[in-house]
Amino acid sequence: MATFLTVSPALTLQEQEQMQSDYTARLKQEKELQADLKVKRMADAYARMSDEERLHGDAEVLR
């Protein structure tokens, strides 16, 4: 039975910076997606409310 060990070369500074940039961009995109979904859920909930519920909620916000 043979065992092989492979060693990955160290990343260059440029590669590390690119990976960090990609990671940061993905995090930002995920946060934006989550915010969009939250707004959609709120809009759906508002659309399901009756006029009376909307007026009551609006009045509480203005207090």
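Taken together, the values in this text are just the output of simple stated rules run on the coordinates, not laboratory data. These figures come from a predicted structure and were not determined experimentally. All Cβ positions, glycine included, derive from the backbone under ideal geometry; neighbour counts span all protein chains shown.
For the reader, a short list of remarks on this structure follows.
- When residue 60 is tested against (1) part of a helix (DSSP H, G or I); (2) surrounded by 10 or more Cβ atoms within 10 Å (Cβ to Cβ), exactly one condition is not met: (2).
- Any hit, the range 5-27, residues being surrounded by 10 or more Cβ atoms within 10 Å (Cβ to Cβ), more than 18 Å from the chain's Cα centre (by Cα), part of a helix (DSSP H, G or I) and of a type in the set (Asp, Glu): yes
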